[in-house]
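To keep things clear, I will list the structure first and then write my remarks on it.
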Amino acid sequence: MDASELVENNVCAKDIRDKLLKALNLGPGEFATALGINYQRIYDLGSGRVKKFNPGMVNLICRVFPQVNPTFLYSGSGPVLINSDKNSGMAETSELISMSKKLIELMEQLNRKDTLLREREEALRVKEVELSKREKEIIKKEEQLRKRTESIAADE
């Protein structure tokens, strides 16, 4: 390999990271959070400690950000983002389906909780009626005791 080939084949993870963050309009911390990884891994790409993107990282980035061009992440060449309407539409459709499924799950969960709350509310009403009856009986017995006490006191 001559010197020009070495320069051409030299991939700089920092440059790739910086261009990627600029294209996504994210800072390193926001990017790490979006990926669900430690900030240090993104920092290492920019500090020179890590020289290139590994396949695991590329797959994670492309899964979270399907518009990112994986070839760019490996080589630094080509567009940062894929502007294909087909890919964009498929990603949006997939995301909508996923969100719909999640919404259905949440609605089912809400319905189960609502049913449980209604059952508990009915049980509380039944207990309230029972307590009300008992309270009336106690008041009635207290009145009878008061009258007996007055009657005994009057006889003495």
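The values are calculated or read from the model by the stated rules, or taken from the named source; none is laboratory data. Only a predicted model underlies this, so the values are computations on that prediction, with no experimental measurement involved. All Cβ positions, glycine included, derive from the backbone under ideal geometry; neighbour counts span all protein chains shown. With ligands, DNA and RNA removed, areas are computed over all heavy atoms of the protein, side chains included. Shrake-Rupley method; radii C 1.70, N 1.55, O 1.52, S 1.80 Å.
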I'd like the full set of residues that are open to solvent by 60 Å² or more (accessible area, probe 1.4 Å) and under 14 Å from ALA23 (Cα atoms), limited to segment 45-76. PRO66, GLN67
From the list GLY56, GLY48, GLY36, which residue is on the phi > 0 side of the Ramachandran plot, out of contact with any strand residue (DSSP E or B) (no Cβ under 9 Å at 6 or more places or on another chain) and either among the hydroxyl-bearing types (Ser, Thr, Tyr) or at pLDDT 85 or above (or both)? GLY36
With criteria (1) at pLDDT 85 or above; (2) surrounded by 10 or more Cβ atoms within 10 Å (Cβ to Cβ); (3) under 17 Å from the mean Cα position of the chain (by Cα), LEU96 comes up short on (1)
Would you say ARG49 is among the basic types (Lys, Arg), outside any helix (DSSP H, G or I) and free of Cβ contacts under 8 Å to residues at least 40 places away in the same chain? yes
Is it fair to say ILE61 is assigned to a helix (DSSP H, G or I) and out of contact with any strand residue (DSSP E or B) (no Cβ under 9 Å at 6 or more places or on another chain)? no
Just to verify a result, which residue in segment 20-44, among those that are hydrophobic (A, V, I, L, M, F, W, C), surrounded by 16 or more Cβ atoms within 10 Å (Cβ to Cβ) and touching a residue at least 12 places away in the same chain (Cβ under 8 Å), is nearest to ASN69 (Cα to Cα)? LEU20
